[in-house]
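Engineer: Sharing a structure here in structure tokens format.
The values are calculated or read from the model by the stated rules, or taken from the named source; none is laboratory data. This is a predicted model, so every value here is computed, not measured. With ideal geometry, Cβ positions are generated from the backbone for all residues, glycine too; neighbour counts draw on all protein chains shown.
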Amino acid sequence: MAAALCCASSAAFADGSPTTLGQVIVTATRTAQTEDQTLAPVTVITRAEIELLQPSALQDLLDDTPGMAIGNQGGPGKVTGLFLRGTNSNQVLVLVDGIRVGSATAGTAPVQDIPVDQIERIEIVRGPFSSLYGSDAIGGVIQIFLRHAPGTFTPNASVGIGSYSHWKASSGFSAAGEKGWIAVQATHDQTKGINACRIGAAELFVGCFADQPDRDGFHDNALTIHGAYTFNEQWSADALAMRSQGFNKYDGTFSDSDDYATQVVGGQLHFRPNDRLNLSLRLGGSSDFDKDFLADVYVDHFDTRRTLGSLQADVALGGGLLSTGMDWQREAVASNYTFAEDARTDRGVFAQWQRGFGPQSLQANVRRDDNSQFGGKTTGSLLWGWDFAKDLRVTASWGTAFRAPTFNDLYYPGFGNPKLRPESSRNIEIGLRGTPDWGHWSLSVYRNDVSDMITWDAAINLPNNIDRARITGLEGVVGGQLAGWDLRATATLLNARDDAVGGFYDGNQLPRRPRQSARFDADRSFGRFSFGASWYLNSHAYDDIANQNRLGGYALANLRAGWQFNRDWKLQLALNNVFDKDYETAYFYNQPGRNFMLTLLWRPGHD
């Protein structure tokens, strides 16, 4: 985000209580502010943390987020669902540098197709944010930022080899001058994989519904180009392009492999005529392509294309920051199937007010979306914070959100219902945070009521708005240093249940949401050596709303080490699932056993 936004945000909070400097984030308000200024619970994952944790896929990074549950269908490269704060995987908005990504037919984002080597940082904001972003942001917003330039010309390269015939390579460079910068990164990732689905699925008619005892691998190639330029004190611009494409094998009765491609292209123009006003114009789009095969024979294809535009004005006014804006989006679907409608548009207008009142802070948002399919939808939110003692803040919030039905929900031939309404939610939350000298901690308790949930209605043999859910949760985070160790722990207590009073499944747990989960990370450097470990604990869950297919609870341990054997070269080793635990995050889908990845990194000038 342009420096002008940071300045505008600082002006807005100038009369608030003093805050310590922290990481600058933009997702919680669509303006720049430090992490300790935000009123919403947020998790930030930096490039340094990505390299430290050595994840094999993006899902491994996101799994560290409080309130996050992962549903993966057979290991890296396979379909991955993100269940944030008990919401469905299609009720979480995923952005890449401000641009919405995902399938308009399935309604989910292809996080399994975004290589971690292309990522600079990730911001995960938990809670309802449709009042800023529109549809899908019921559980939260995940924003992925692509590689940036850290300074002068800096090349980088890495190569890794691991279990299951897994190998990967990455190469790129970044360069910065007085007025601009550019970053280019290319990656390759491939593995022979594991057998995605357990034997017996066909007989029991569960999971993938097929018995295909083979190894289901994938390969992926990706390229990112990202840059920015400052023309003068008033005008600046940035642009990006990312494409990830590959081939993936899996198990299934209708298809068992696919060609895929995910692409994001966009740019922003910033105009800052004075210290009180910042204008930004964003143009861009994304595409999600999937072509399915069964035994190497073409079955079907789906091609989603999104085109978007956004205009935003941030004005320092009356001791606060007023942000107003307009978003426009067109979604189009191409397929071998004939949809009754294959395109729709959405226009949204929003306003946000941020203001500090001594030790208290306030954020108010309102948004109106006008969709060509379902008409209008208004959402709002109110967030409040009070620094009532040194290094202590209490927060409270209320917000509404919605999710628009997908093209499959509405128009899939023979199975769509064009009369569907958007899903809606109402969330309340109270939080407490502390930033003592030794680190940080936070507690959040929330309740989210989701109504008009879209599910299959046997009475009409079509999807319908007949379900409800009530989600309550408690999240805790603590981090700091002890005896030279960097320590971080998160814990979540979650009750996500069906709330359709009198319904057949009233009171049942929503699928793939464990009621208890915890994470613990410990890392330490010893000169040129580093060592770390992670522990993951999840209670049991169910894979179906009838609560018949049980996913057992599990505990996992991962180890990692690094050796900076000279200034430019580093050797890393990751050992995952150390105790070779058999577990599932989706019913009858296997997960990798004990596995390793050995990586050699070249980063000239990096100490």
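Engineer: Across region 187-205, which residue is nearest to ASN577 (Cα to Cα) among those that are surrounded by 18 or more Cβ atoms within 10 Å (Cβ to Cβ) and out of contact with any Pro (no Cβ under 9 Å at 6 or more places or on another chain)?
Structural biologist: Taking the candidates together, the pick is ALA196.
Engineer: Picking from VAL159, VAL96, VAL125, VAL79, which residue would you name as being at pLDDT 95 or above, surrounded by fewer than 22 Cβ atoms within 10 Å (Cβ to Cβ) and at negative phi?
Structural biologist: Selected residue: VAL159, the only one of VAL159, VAL96, VAL125, VAL79 that is at pLDDT 95 or above, surrounded by fewer than 22 Cβ atoms within 10 Å (Cβ to Cβ) and at negative phi.
Engineer: Continuing with the same structure: Residues of region 32-48 being farther than 27 Å from HIS270 by Cα and at pLDDT 95 or above, which ones?
Structural biologist: If the condition is that a residue be farther than 27 Å from HIS270 by Cα and at pLDDT 95 or above, then PRO41 is the only one that fits.
Engineer: Quick test for you: out of GLY479, GLY473, GLY484, GLY434, pick the one residue that is of a type in the set (Gly, Ala, Ser), in contact (Cβ under 8 Å) with a residue 40 or more places away in the chain and on the phi > 0 side of the Ramachandran plot.
Structural biologist: From the options GLY479, GLY473, GLY484, GLY434, the qualifying one is GLY484.
Engineer: Among the candidates ALA228, ALA313, single out the residue that is modelled with pLDDT of 95 or more, crowded, with 17+ Cβ neighbours inside 10 Å, assigned to a strand (DSSP E or B) and not hydroxyl-bearing (Ser, Thr, Tyr).
Structural biologist: Being modelled with pLDDT of 95 or more, crowded, with 17+ Cβ neighbours inside 10 Å, assigned to a strand (DSSP E or B) and not hydroxyl-bearing (Ser, Thr, Tyr) holds for just one of ALA228, ALA313, which is ALA228.
Engineer: Could you please tell me which pairs satisfy a Cβ distance under 8 Å, a separation of 6+ or placement on different chains, a first residue in region 266-280 that is of a type in the set (A, V, I, L, M), and a second residue that is modelled with pLDDT under 95?
Structural biologist: What qualifies is LEU277/ALA8.
Engineer: Run down LYS570, LYS581 and say which single residue is out of contact with any Pro (no Cβ under 8 Å at 6 or more places or on another chain), of a type in the set (Lys, Arg) and part of a strand (DSSP E or B).
Structural biologist: One residue alone meets the criteria, LYS570.
Engineer: Quick one: which residue in SER130, SER170 is out of contact with any Gly (no Cβ under 7 Å at 6 or more places or on another chain), crowded, with 19+ Cβ neighbours inside 10 Å, closer than 30 Å to SER424 by Cβ and at pLDDT 95 or above?
Structural biologist: SER130
Engineer: Would you pick out the residues in region 318-343 that are exposed (fewer than 15 other Cβ atoms within 10 Å of the Cβ), in a loop (DSSP other than H, G, I, E, B) and not polar (S, T, N, Q)?
Structural biologist: The answer is GLY318, GLY319, ALA340, GLU341.
Engineer: Which ones in region 549-607 are of a type in the set (Val, Ile, Thr) and under 24 Å from the mean Cα position of the chain (by Cα)?
Structural biologist: THR585 - this is the single residue of region 549-607 that is of a type in the set (Val, Ile, Thr) and under 24 Å from the mean Cα position of the chain (by Cα).
Engineer: Considering only residues that are within 30 Å of ALA157 (Cα to Cα), among the β-branched types (Val, Ile, Thr) and outside any helix (DSSP H, G or I), which ones fall in region 82-125?
Structural biologist: Scanning region 82-125 gives VAL94, VAL96, ILE99, VAL101, ILE114, ILE119, ILE122, ILE124.
Engineer: Still on this model: Output the number of residues of region 451-480 satisfying the condition of being acidic (Asp, Glu) and modelled with pLDDT of 90 or more.
Structural biologist: Total satisfying the criteria: 2.
Engineer: Somewhere in region 429-448, is a residue surrounded by 14 or more Cβ atoms within 10 Å (Cβ to Cβ) and in a loop (DSSP other than H, G, I, E, B)?
Structural biologist: yes
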